[in-house]
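Each remark here refers to the structure printed beneath this line.
The values are calculated or read from the model by the stated rules, or taken from the named source; none is laboratory data. This is a predicted model, so every value here is computed, not measured. So basically every Cβ, Gly included, is an ideal-geometry build from the backbone, and we count neighbours across all protein chains shown. Heads up: the accessible areas ignore ligands, DNA and RNA and are worked out on the full protein's heavy atoms, side chains in. Shrake-Rupley method; radii C 1.70, N 1.55, O 1.52, S 1.80 Å.
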Amino acid sequence: MVKETRTTVGIIGAGPAGLLLARLLFKAGIDSVVIESKDREYVEQRQRAGILEQGSVDALRECGAGERMDKEGIPHDGIELLFDKQRYPIHFPSLTGGRQVMIYAQTEVCKDLIALQLKEGGPLHFECEALAVEDPKTDNPKIRFRHKDGEEEILSCDYVVGCDGFWGVARKAIPESIATVYEKTYPFAWLGILADVPPSNDELIYARHPRGFSLLSMRSPTVSRYYIQVPAGEDIKEWSDERIWDEIEKRTETNDGWKVQRGPIFQKSVLPMRSYVHEPMQYGRVYLAGDAAHIVPPTGAKGLNLAFGDVVTLAKALKHKVDTGSDELLNNYSDRCIGRVWQAERFSYDMTNLLHTDPNASAFEDRLQVARLKRMVSNPHAETDLALAYTGFPL
Ligand code: RFL
Ligand code: PHB
């Protein structure tokens, strides 16, 4: 006999989506169990996002998970666009009525939420792999999962939420016959590094150069996070530290004397890029949130923020159900998320195309790209549109 346990909300995945959902449900007095296939250290070290929108910052504060973020996070008032060797600042607060973003790494968000969950919240099982979601259309959906020692268990739930990322299993519970998938792949990837060197600039720099895109970001006053566009499928072994620095330096050359500072690289990897939306984001009593339902290329810094938007919406709907008995918000979950998802898809796609060089582009298209950038930095409406989208669409 397979062991069976019970909870109200079964959550697959302890990434930002699953962890924030568990915290919001705990605060709402709704019990949940989180099942995560990797170990704690892996989840806490996985290098990903760096930028939190105002709405994500507020959500973390409101659920009591913002204390360290408020001490160690770095509020940012804007970004710089760099092309034709010139830097153009985009100042968010003056364009958006005071909105900012926060640099606080996904690794730190996950560490904070895991510590809170283990201290106060419901069970969080690491090294347990969800194998399938069963009976999605009934009042009693189940997660079949396997412990590290190979033993299988069934988690019997009132609701199941798939926060298990792009490669997870929850999406498979939605029949292909009722689903539509929208997808776009890109002919390039990002090579990302972490380096022990203070950031060379106070603001993030998004640079367009004939050799390809680069992005200068940061993790702390002493650690820089930089990315360069490389061909899709690039082998990281082709990139010595020196070659990476040479390339960053060439792509961020300016005519104002500013120069990027080099330092020891302690992490480097190649990251694929894709756009993906799965509709609907629910089926019966199974809901998808975050990368399980949609992926954006990282150029707009939207992925984690979208994941947070989904789970804030879902937690409210579950609370509404518990308080009033009404299924209305739960039934509309996918519809309530999808508009925001598509705005983030549009923005991420536009930012990607605005800044990356396409190996197949004609000279005409290259000139158009620069013309678009020039328009962006010389028209206040275009700048405002960028600033509003970057700082975040309302939840
Ligand atoms: P995650 O983080 O992928 O977490 C899914 C979790 O589910 C687990 N899992 C399973 N557990 C149990 N059983 C199974 N069968 C399972 N299958 C999977 C996984 O181990 C994992 O722990 O999804 P989530 O929570 O939806 O969060 C999404 C974000 O991680 C992602 O959107 C962002 O990182 C995207 N992103 C950025 N987003 C931003 O908002 N701002 C940024 O600045 C930003 N920068 C980035 C990024 C993503 C990047 N990469 C790596 C593509 C920069 C990069 C380079
Ligand atoms: C990051 O700091 O990792 C980062 C920042 C901005 C982006 C993407 C990634 O657009």
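Annotations for the structure displayed:
- Test: residue in region 62-73 that is more than 14 Å from ligand 2 (Cβ to nearest atom), at pLDDT 95 or above, open to solvent by 30 Å² or more (accessible area, probe 1.4 Å) and within 30 Å of N255 (Cβ to Cβ): no
- Scanning region 130-146 for residues that are within 16 Å of ligand 1 (Cβ to nearest atom) and either out of contact with any helix residue (DSSP H, G or I) (no Cβ under 7 Å at 6 or more places or on another chain) or open to solvent by 30 Å² or more (accessible area, probe 1.4 Å) (or both) gives A130, L131, A132, E134, P141, K142, I143, R144, F145, R146.
- The criterion of being among the charged types (D, E, K, R) and either without any contact (Cβ under 8 Å) to a residue 24 or more places away in the chain or within 16 Å of ligand 1 (Cβ to nearest atom) (or both) does not hold for E247.
- Selection status of W190, more than 30 Å from T5 (Cβ to Cβ) and either within 16 Å of ligand 2 (Cβ to nearest atom) or without any contact (Cβ under 8 Å) to a residue 60 or more places away in the chain (or both): yes
- Qualifying positions in region 351-375 - of a type outside the set (A, V, I, L, M) and closer than 16 Å to S214 by Cα: T352, N353, H356, T357, D358, P359, Q369
- Test: G13 is at positive phi and surrounded by 15 or more Cβ atoms within 10 Å (Cβ to Cβ): yes
- Residue, farthest from L20 (Cα to Cα), within region 40-59, restricted to residues that are within 14 Å of ligand 2 (Cβ to nearest atom) and not basic (K, R): Q47
- Of all residues making up region 23-53, the number that are more than 11 Å from ligand 1 (Cβ to nearest atom) and open to solvent by less than 60 Å² (accessible area, probe 1.4 Å): 7
- Looking across region 361-387, the residues that are under 22 Å from S275 (Cβ atoms) and open to solvent by 80 Å² or more (accessible area, probe 1.4 Å) come down to E365, R372, D385.
- K172 in contact (Cβ under 8 Å) with a residue 12 or more places away in the chain, surrounded by fewer than 19 Cβ atoms within 10 Å (Cβ to Cβ) and not assigned by the TED database to the domain that holds M218: yes
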